[in-house]
Amino acid sequence: MDDASGRAEAFLQVNGRLLDRVRFDHHFRGGPAGRVIDALRPYQNSDGGFGHALEPDLRGPESQPVPVEMALQVLDATGEIDADMVDGILRYLESITRPDGGVPWVLPSPSPRGPWWVPVDGLPGSLNPTASIAGLLLKHGVSHPWVTRATEFCWTAIDGLSAPDPFDVLSVLKFLENAPDRPRADLSWALLRPLVLSVAELDPQAEGYVHGPLDFAPLPGSLARAAFPTDVIAQHLDALSAKQKDDGGWDFAFPAWTPITRFEWRGWVTVDALLTLHANGRLS
C-alpha cells in the first residue's frame, strides 16, 4: 500500500464524508463507481439540482448551480454519467437559466452560507460555473437544448473576457478542453493563455489562497499544461505531496467560516490531491 494513500485513507475513515470515502475507495481501492453515484443521490433535489451542503459552504438544502458542477465533476471522475441524474440536472438548469443562456453564480436563499456567497444584482449568467457545467456535459456527449444555449453563451462571454478571476479561468478551461469546435477552442485558448499566466501563482511555497499551475492544469493532458514549464510543474507536484498533514489529509487555504466545513472540505481536497498526484505518476 502506498504510504500517502494509506495515510489518507485513515484520515478519511475518521474525518471524511461518506461521499469522499467512497470516492477514495473507487479510485484507489477498486471500489465500484455505482457506490459513488449512490452517495451523490441524497444531495440531489426533486427539482434535479443539488444542495444539502454538497458544496460545504452552502449549508442549505436548496439547489444551487455550483453544487451541480461539483456533482458532474464527481461523475466525470468515475467515467460514468448516470442518465437519470443528468436528466434531473438538465431540468434544473433549464429552470434557472437566464435570458443570456448562462446560469447565475449563486441564487438567493434563506439558508446559512459562507459570507462570500453573495448573489450578483440581477442574477446574470456567469461563466463560473456555466462554462464548467457545459464542458463536462459536452465531454460526455450529452445533447440537449440547454447545452446548445450554454455553449453559445460561453463563446460570447469568452470573446469578451478581459480581466477574469481565477474561477472564471478554471471554468473556461473546462469548456475549451471539451468544446467540439476545436478550431475555435484553439483560437480562444491562444488568447486566454496570457490570462491564465496572469492569475496563476508560480511560487510553490506561496501562502494564502492562491491558484497554482496544478489548479489550472492538474493532468498531463490538460489544455493549460503547456503554459507552464516542466520544472515548475514538478516543483508544484513536490509541494503538493509535501503538504499532506501528519493526520494523513490535505488542508485548504480559504476560510473555514464554521467548524464543520473544515472537515468536509478536507475530505474533498484530500481525494483531489491524491487524484492529481496519481495522474502525474507520484503515487504507486
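Condition (residue is surrounded by fewer than 20 Cβ atoms within 10 Å (Cβ to Cβ), at pLDDT 95 or above, part of a loop (DSSP other than H, G, I, E, B) and of a type in the set (A, V, I, L, M)) applied to region 143-159: is it met by at least one residue?
no
Results for (1) in contact (Cβ under 8 Å) with a residue 40 or more places away in the chain; (2) under 24 Å from Leu192 (Cα atoms), shown as yes or no for each residue.
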residue	(1), (2)
Gln205	no, no
His211	yes, yes
Asp215	yes, yes
Ala239	no, no
Lys243	no, no
Asp246	no, no
Gly249	yes, no
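Could you list all residues from region 97-126 that are surrounded by 18 or more Cβ atoms within 10 Å (Cβ to Cβ) and either farther than 29 Å from Ile260 by Cα or among the aliphatic types (A, V, I, L, M) (or both)?
Result: Thr97, Gly101, Gly102, Val103, Val106, Gly125.
Quick one: is Leu192 crowded, with 20+ Cβ neighbours inside 10 Å, more than 18 Å from Leu136 (Cα to Cα) and in contact (Cβ under 8 Å) with a residue 60 or more places away in the chain?
No, not satisfied.
What number of residues within region 89-109 satisfy the criterion of being assigned to a helix (DSSP H, G or I) and either under 19 Å from Gly60 (Cα atoms) or among the hydroxyl-bearing types (Ser, Thr, Tyr) (or both)?
Count: 5.
Given the criterion in a helix (DSSP H, G or I) and closer than 10 Å to Leu223 by Cβ, identify the matching residue among Leu187, Leu176, Leu197, Leu170.
The conditions single out Leu176.
Among the listed residues Phe216, Phe254, identify the single one that is surrounded by 14 or more Cβ atoms within 10 Å (Cβ to Cβ) and within 17 Å of the chain's Cα centre (by Cα).
Matching residue, one of Phe216, Phe254: Phe216.
Sort out which residues of region 50-88 are assigned to a helix (DSSP H, G or I) and either at pLDDT below 95 or under 25 Å from Ala253 (Cβ atoms) (or both), and write them in order of number.
Pro65, Val66, Pro67, Val68, Glu69, Met70, Ala71, Leu72, Gln73, Val74, Asp76, Ala77
Would you pick out the residues in region 217-237 that are farther than 28 Å from Asp57 by Cα, of a type in the set (S, T, N, Q) and touching a residue at least 12 places away in the same chain (Cβ under 8 Å)?
Answer for region 217-237, where residues must be farther than 28 Å from Asp57 by Cα, of a type in the set (S, T, N, Q) and touching a residue at least 12 places away in the same chain (Cβ under 8 Å): just Gln235.
When you look at Asp272, is it closer than 17 Å to Asp3 by Cα, modelled with pLDDT of 95 or more and either of a type outside the set (Asp, Glu) or not in a loop (DSSP other than H, G, I, E, B) (or both), yes or no?
Spelling it out, Asp272 is indeed closer than 17 Å to Asp3 by Cα, modelled with pLDDT of 95 or more and either of a type outside the set (Asp, Glu) or not in a loop (DSSP other than H, G, I, E, B) (or both).
Would you check if Asp47 is touching a Lys or Arg at 6+ places or on another chain (Cβ under 9 Å), charged (D, E, K, R) and either at pLDDT 95 or above or surrounded by fewer than 20 Cβ atoms within 10 Å (Cβ to Cβ) (or both)?
The answer is yes for Asp47.
The values are calculated or read from the model by the stated rules, or taken from the named source; none is laboratory data. Just so it is clear, the structure is predicted and the values come from calculations on it, not from any experiment. Every residue, glycine among them, receives a Cβ derived from its backbone with ideal geometry; neighbour counts consider all protein chains shown.
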